[in-house]
Every structure is written in structure tokens, then in C-alpha cells.
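In what follows, a single structure is set out as C-alpha cells and then discussed.
The values are calculated or read from the model by the stated rules, or taken from the named source; none is laboratory data. As the structure is a prediction and not an experimental result, all values here were calculated from the model. Every residue, glycine among them, receives a Cβ derived from its backbone with ideal geometry; neighbour counts consider all protein chains shown.
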Amino acid sequence: MSPFDPVAEYKAKTKKSAEWSEHARKFLPGGVTGNVKFYGPYPVYLKKAKGSHVWDLDGNEYIDYMLCFGPLILGHGDARVNAAIRKQMESDGSLIFGAPHEGEAKMAERLSRIFPCGERVRFTNSGLEATLHALRVARGFKQKGKVAKFEGHYHGCYDQALISLTPSADVRGPDSAPCSIGSSFGTSQDTLEDTLVLPFNDIQSTEKLLKKHKDELAAVIMEPVQRGFVPAKPDFIKAVREVTRDLGIVLIFDEVMSGFRMEKFGGAQNTYGVDPDMTCLGKIIGGGLPSGAFLGKQEIMSVIDPITRPKDTRVFHGGTFNGHPTVLAAGNATLDVLQLAETYPYLNKISDKLRNGFNDVLARSGFDAKAVGPGSTFNVLFAKKGSKVDLDDIRDYRHAASCDSALRAQFDYGLMARGMHFHPDKPFYTCTAHSEKDVDVTLKAAEEVLKRMKA
Ligand SMILES: Cc1ncc(COP(=O)(O)O)c(C=O)c1O
């Protein structure tokens, strides 16, 4: 048998994507519109989608586990979501009024019933905007300039949210007190200084740092499930809630990723039974259209209220497309389906079948590797040979980053060459359109890839 070269297999199958990538690079840096969409040697360029399947420029069919990095929890082109979009356009006679409309407060009411802190809601066009505005509201409310975030947590692609997203081992500082490192070239010194970085799932160190900086800190923002696959330990998230409450720091849960992707309807906060002061949402609440929202307690959100708050002490919030009627229609239709009694049982069943199935084939393969993560998002990690990392206890960015990305890359390109679509080195997402057959086909391919990797 010839040596296993999954990238060569991938390239042999995706010649039209290679050609289009060359062309696209003449107009788009890297041939993509966001760096996260790029992977080497070039990404697959898609042409068509239906349910859980997508087709690329070469006509290859794939089972899609990328699902637009999470929003498509019902799969591509769900008929109920499409019908809601058409109905909105026809009945409103416009895509967008640009003026307030009933749909906004109706969706806000719906979200505030799901997320207890959401006494007031504002819509945005992305998860990035949701966290950006939430942090600004918290700073305005507390009249303090500094915020804290956890190392390895992603909150969107602006300067402060990118602090210490993927810091390398040589610069990131001690485990108990991570340094503030810009993950984008061009980050200002002020942003670095205004952002305290905390170690996830380490309550002693987190408490110590928060107490030390309490007088400067407006907010702590966190992903309750880091990057969709490293859940906060229940004691940890509860302790963060308590200490931020005691110290008078606004606690923001960024549920752009974890929202509606746990085992039941709602956010990770509903699963943990922990109420933050503010919540950020995105992805699923737009049903596949650009969306976001930030929710908070009335007292906090009152800083943007144009009725009660004098202009000179008001926090600015705007956005031409906020509360877009089509987006709200798609989001509402998605939430309607998610609330049906049968939805989560099926989604959990299919997610478990894939996650457990991966774990079976990984265990049989002889690699120290595991599919980790709750609900309908998980990641596949390979331990480095001789490493001490315990894949059953991945607690933070440093643990996850210590895994073997070269082995993972072989697994990824091997699977992509066999008809699975996802972003290499990123989590897998499942949806209600995935069938048992999709999972069986995927597991068979995974088994073959792992055998070739071992040979
Ligand atoms: C937890 C989290 N917050 C914020 C964002 C940013 O959302 P958007 O890409 O819609 O700007 C993301 C995107 O992946 C995310 O996962």
C-alpha cells in the first residue's frame, strides 16, 4: 500500500476548488472573506446544499459537520425556516423597514423568557457586535475601563475580544496568571492593558486575580463552554458567579456558540443553573442569517435607554440592520422547531451516536485520542506521544493546545477526502438533518482513515 497522504487525496479530489482559490486570491486576501474560513492548501468552495449535505465546485458530495460554524442546527434549507422567510417578505412588503416593528419586542420577549438575565434585549448583526456592545454597556454601567476575559475564549474578531485567544507557550506566562497577549498584529498597548486575562477552570487563581483588580474591572466575559468543547466545571462557573457578585463586577456569558447547542433548549446557563448579569447570543437565533443579541438586567441595560438616560451619561448603541425582520423571522422559526418535543431527543441521539462512535473507532485505533464536548458540538483531540494531557479532563486552552495538531490534520484531510465537510482542527457540529446513515458513513470513513494513519 502506498504511504498515506491525505492532503494529496484531498487535492486530487478538489481540483476546481484549487483553481477557484487561485482566482479568488486576486480579489480576496487568501481567497476568503474571513481568515477562519481559510485552511491550507485551499478550502473547499461550495456550490449547493440540502439538509445535512453540501456539494463543492467539483460536484463532490459531503456530509456537512461545519454547518456555518454552528448556526444551521436544522441543517441547510429547512423548509419551515424558508417558509417563514418568504412569509415575512410577502406580508411586510419589504425586507426591512428601518424603523421599529413588532417583531423586535416579540423576539426580545421570547429570549427574555429563556434567559433570566434578559430583562432588556438589543439586537445586533453578529456575535461580535453582541459582545462588543455588552462590554461597552458594562463599562458604562460600572464607569470603569477594564474588563477580564479567559485565555483561549473567543468573543469575535475585534481587538479586545482577541486578546490571548491563541497565545504561544513562549509568551503566555504562568498557568495561574496568563499574560495579556494580542492575537492580532496591530493590537494597541492600551487594549492589552485594559484586558485582564484569566485562567479557565482554575477558581483559586481566577478569584485571586479578580480580587486584585476589582477596583478597575467593569466586567468578566466568558464562554460557559470554551470553543464549544471545554465545559466550565460546575463548581468553577458557580464560583465565578459568586465572586463577581461579591466584587460588584458584571458577569457576561457569551453564549453565541453554546446557545441552543447543549442537550436541552436554552443556553449553557440553563444547564448549569447559573444566571449571569448579561448574555450574548448569535448564530442559531438568526436561523442562518446574520444575527446577534445582547441581553441584560434592566438596571444595567438602562445605560443605553434613550428615554430615561440623559445623553451625556448614555452608552451608544446603533446598527442600520439591527432587528432585521427577515432575520427575526428565520430565528423565530428555528426556535419554534427547537421547542418541538421531538427535536432535542433526536439531536442528542444523533450527536451521541457520532461522538460515541468516534470514541469507539478512536479507542480501537490505538491512538490516544478522544471526541470531547457536550451537546451538538464536539472536538476531536489527539494526545501527543508521551504527553501527560488527560483527554478525559481537558480543562482549558493550554490543555487543548498541547494536543497533536499534525495527527489531527491527517485525520481531518483523510475524512474530507472521503466526503465529510468541516473545518480542519475545529469542532464538529451536528444538526437535526443528520441521519443515522450519515453517521454510519462517517464512522466507516473515520475507521479507514485511522487504519491508514497507523499503517
Ligand atoms: C463564543 C463566540 N462569541 C462570539 C462569536 C462571534 O460571532 P460572529 O462570528 O457572528 O461575529 C463567535 C463566533 O464564532 C463565538 O463562537
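One residue alone among Leu362, Leu335, Leu328 is within 30 Å of Met453 (Cβ to Cβ), away from the ligand (no atom under 15 Å from the Cβ) and not acidic (Asp, Glu), and that residue is Leu362. Among the residues making up the range 419-453, those that are out of contact with any Leu (no Cβ under 9 Å at 6 or more places or on another chain) and in a helix (DSSP H, G or I) are Glu436, Lys437, Asp440, Val441, Lys444, Glu447, Glu448, Lys451, Arg452.
Within the span defined as the range 102-123, every residue fails to be within 12 Å of the ligand (Cβ to nearest atom), modelled with pLDDT of 95 or more and either aliphatic (A, V, I, L, M) or not in a strand (DSSP E or B) (or both). Filtering Lys454, Lys353, Lys370 for residues that are out of contact with any Pro (no Cβ under 6 Å at 6 or more places or on another chain), free of Cβ contacts under 8 Å to residues at least 40 places away in the same chain and not hydroxyl-bearing (Ser, Thr, Tyr) leaves a single hit, Lys370.
Please determine whether any residue of the range 69-82 is within 16 Å of the ligand (Cβ to nearest atom) and not in a loop (DSSP other than H, G, I, E, B). Yes, there is a match, as at least one residue in the range 69-82 is within 16 Å of the ligand (Cβ to nearest atom) and not in a loop (DSSP other than H, G, I, E, B). Yes or no: the range 193-212 includes at least one residue that is of a type in the set (A, V, I, L, M, F, W, C), touching a His at 6+ places or on another chain (Cβ under 6 Å), touching a residue at least 12 places away in the same chain (Cβ under 8 Å) and closer than 29 Å to Gln143 by Cβ. Within the range 193-212, one or more residues are of a type in the set (A, V, I, L, M, F, W, C), touching a His at 6+ places or on another chain (Cβ under 6 Å), touching a residue at least 12 places away in the same chain (Cβ under 8 Å) and closer than 29 Å to Gln143 by Cβ.
Across the range 132-153, the number of residues qualifying as out of contact with any Ser or Thr (no Cβ under 9 Å at 6 or more places or on another chain) and either near the ligand (Cβ under 9 Å from one of its atoms) or in a helix (DSSP H, G or I) (or both) comes to 6.
List pairs: first residue in the range 56-78 and farther than 15 Å from Leu347 by Cα, second residue among the charged types (D, E, K, R) and assigned to a loop (DSSP other than H, G, I, E, B) anywhere in the structure, Cβ distance under 8 angstrom, at least six positions apart or on different chains. Final answer for the pair search is Met66/Lys426; Phe69/Lys426. When Leu67, Leu72, Leu57 are checked against the criterion of being on the phi < 0 side of the Ramachandran plot, under 22 Å from the mean Cα position of the chain (by Cα), surrounded by 15 or more Cβ atoms within 10 Å (Cβ to Cβ) and of a type outside the set (Asp, Glu), a single residue qualifies: Leu72.
Residues checked against (1) surrounded by fewer than 21 Cβ atoms within 10 Å (Cβ to Cβ); (2) under 26 Å from Asn60 (Cβ atoms):
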{"position": "Thr326", "(1), (2)": "no, no"}
{"position": "Ala330", "(1), (2)": "no, no"}
{"position": "Phe367", "(1), (2)": "yes, no"}
{"position": "Ser405", "(1), (2)": "yes, yes"}
{"position": "Ala417", "(1), (2)": "no, yes"}
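Could you list, in sequence order, the residues of the range 260-291 that are part of a helix (DSSP H, G or I), among the small types (Gly, Ala, Ser) and more than 16 Å from the ligand (Cβ to nearest atom)? Within the range 260-291, no residue meets the criteria.
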